[in-house]
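The values are calculated or read from the model by the stated rules, or taken from the named source; none is laboratory data. Just so you know, these numbers come straight off a predicted model, no measurement behind them. Cβ placement follows ideal geometry from the backbone for every residue including glycine, while neighbour counts extend to all protein chains displayed.
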Amino acid sequence: MRARAGEPSALLGALVAAVLPTPDETSLARACLATGDAGRQAWAVCQERFGDLIRVFREDSRGLKRWAPLLQDALRRHEVVPPPALATVLRAAAFQEELRTREYQRIVREVLSRLQAAEVPVLVLKGPALAERVYPRPALRHSHDLELLVRQPHDLDRVVNLLVPLGARPMPPTWPAPADAVLLQHATGLPIGLCTRLFRTPHYHIPTEALWARRSAATLAGVPAQALAPDDTLLHILGHAASSPARASLQWVADAWFLLHRHPDLDWGRLVRTAREGRLGLTLAAMLPYLAGELGASIPGEVLTRVRRAGEAAPRIERDALLAGVRAPGDGGLRRLFRAASPRERLGLLFWLLGPSPEYLRQVYGPRLAALLPLLYAYRPIAYAARLLGRGRFRPLRRS
């Protein structure tokens, strides 16, 4: 990407790379997603890079073990026989996922049927909307929650009351949740997220009514339902990955790849416009070239040119938002970014961390504290220094 004044291209490129999979992780994704001879070659490279994949699938805490059923399916398609011990692990993982999927679909059917009977309008996000509509088989996608976009904020309490008889109970969020969202836990332990906007982070915003205007009908777990349009689904996948530590599992890579494979007629023009309006231009510029260049996803060349130019012209707040996503706890992206940077680039990163745009600070701290912008700029370096000296014991200002 070409840098704007004061923003070195190498540093911006390093920031973009920090949200993407590593070469080792990319080799696993290729082995699972590539077809024909390319898939067999990718499997050979993956073995060389990872060595002991059994350890990855049994001990990895980042979520890469979710790829075991996909890998088993890919090796079967490639007519490749894995080592006996690995074959056993893959079979066990695939069998377990089949059982999980049956129970998951039962819960989805139960929840959607109840909401449909009460005529509460919701859009089903990710989870079943992807597993049943773009993957070859639902059990190839590990769906660990159910997320619903509620059309009207005043319907949130109504949805909660409808799900209480199913054993759903409010639970504290593991990720800072906005005031207009609710996290429930089904009696089985499955998290159910209710939201009134597509992204949890305030930096990305797409009007809910626009999403409803172009929604698509679906049948999920045997129940008629409503889901996002394919282009909105792709934008949700990429935006969520850019702003959440959940990207460490690489689930977004498979989700996006299968969606693009299933929808070659995607409305690319609308996708680029929506990304620009929702401040996701830099996110598209980071992730679409990766999907096309590293995984062979079918994305028109003119679209890649457009998103590159949009990324170059992205406002400063989009850089701040992407950096905030890299800083998200549990991913380690910020550490990787600093390790890969030169001393000069590290100074630039510190400048970006300590001096984000005023618009970013207004969104993070809310209108009350944002009125004290000069004090916030003075506060951030002191806060970072205190956290470093206190080894994390310092507590930042509470965000509104």
Ala85 surrounded by fewer than 22 Cβ atoms within 10 Å (Cβ to Cβ), in contact with a Pro (Cβ under 8 Å, 6 or more places away or on another chain) and part of a helix (DSSP H, G or I) | no
Quick one: which residue in Ala38, Ala10 is surrounded by fewer than 20 Cβ atoms within 10 Å (Cβ to Cβ), in contact with a helix residue (DSSP H, G or I) (Cβ under 8 Å, 6 or more places away or on another chain), modelled with pLDDT of 90 or more and not aromatic (Phe, Trp, Tyr)?
-> Ala38
Exclusive hit being hydrophobic (A, V, I, L, M, F, W, C), surrounded by fewer than 23 Cβ atoms within 10 Å (Cβ to Cβ) and not in a helix (DSSP H, G or I), set Leu266, Leu260 = Leu266
Return a yes/no flag: does the stretch 325-345 have any residue that is assigned by TED's automatic domain parsing to the domain that holds Ala18, under 30 Å from His261 (Cα atoms) and touching a Ser or Thr at 6+ places or on another chain (Cβ under 7 Å).
-> no
For the stretch 44-65, name all the residues that are buried (at least 18 other Cβ atoms within 10 Å of the Cβ) and either in contact (Cβ under 8 Å) with a residue 40 or more places away in the chain or farther than 29 Å from Ala328 by Cα (or both).
-> Leu64
Reported set for the stretch 231-250 where residues are of a type outside the set (Gly, Ala, Ser), in a helix (DSSP H, G or I) and at pLDDT below 95 is His240, Pro245, Arg247
Restricting to the stretch 216-225, what's the tally of residues that are within 15 Å of Glu147 (Cβ to Cβ) and either surrounded by 18 or more Cβ atoms within 10 Å (Cβ to Cβ) or in contact with a helix residue (DSSP H, G or I) (Cβ under 6 Å, 6 or more places away or on another chain) (or both)?
-> 3
If Ala314 passes every condition in (1) buried (at least 16 other Cβ atoms within 10 Å of the Cβ); (2) in a helix (DSSP H, G or I); (3) of a type outside the set (S, T, N, Q) but one, which one does it miss?
-> (2)
Output the residue which, of all residues in the stretch 7-64 that are part of a helix (DSSP H, G or I) and of a type in the set (Val, Ile, Thr), is farthest from Ala321 (Cα to Cα).
-> Ile54
Go through the stretch 66-81 and count every residue that is under 13 Å from Ile54 (Cβ atoms) and surrounded by fewer than 18 Cβ atoms within 10 Å (Cβ to Cβ).
-> 0
